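The values are calculated or read from the model by the stated rules, or taken from the named source; none is laboratory data. If you're wondering where the values come from, they're calculated on a predicted model, not measured in any experiment. Don't worry about glycine lacking a Cβ; one is built from the backbone with ideal geometry, like all the others, and counts go over all protein chains shown. These area figures cover heavy atoms from the full protein model, side chains too; ligands, DNA and RNA do not enter into them. Shrake-Rupley method; radii C 1.70, N 1.55, O 1.52, S 1.80 Å.
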Amino acid sequence: MQSATTVRATALPSVTDALRAMESFLMGAGQATARRNAWTAVLEDRRRAKDRTEAQHVLEAVASRRS
C-alpha cells in the first residue's frame with residue numbers, strides 16, 4: 001500500500017507584485033502610491049475616451065439613418 005504524500009503549492013509572485021516590491025524599495029511609500037494613482041487615472045481617461053468614441057459612432061449612425 002502506498003502512503004499519501006502531501007503536495008504544497010507555493011504561489012509565485014506575479015510580475016506586477018515583483019515590480020511593486022521593487023518600486024516600494026526604491027521609492028518612498030508615498031511616491032509609489034502617487035505613481036499608482038496616476039496610472040489608474042491614465043487608464044480611466046483612456047476608458048472614458050473609448051466610451052466617447054463609441055458614443056460618437058452610435059450618434060453618427062443614427063443621424064445617417066434619419067437623413
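Can Arg8 be described as in a helix (DSSP H, G or I) and basic (Lys, Arg)?
So Arg8 fails the test.
Note down all Cβ pairs under 8 Å where the first residue falls in the stretch 32-49 and is under 18 Å from Thr16 (Cβ atoms), the second is part of a helix (DSSP H, G or I) and open to solvent by less than 60 Å² (accessible area, probe 1.4 Å), and they're at least six residues apart or on different chains.
The qualifying pairs are Ala32/Glu23; Arg35/Glu23.
Scanning the stretch 11-60 for residues that are assigned to a loop (DSSP other than H, G, I, E, B) and among the hydrophobic types (A, V, I, L, M, F, W, C), which turns out most open to solvent (accessible area, probe 1.4 Å)?
Of everything passing the filter in the stretch 11-60, Leu12 is most open to solvent (accessible area, probe 1.4 Å).
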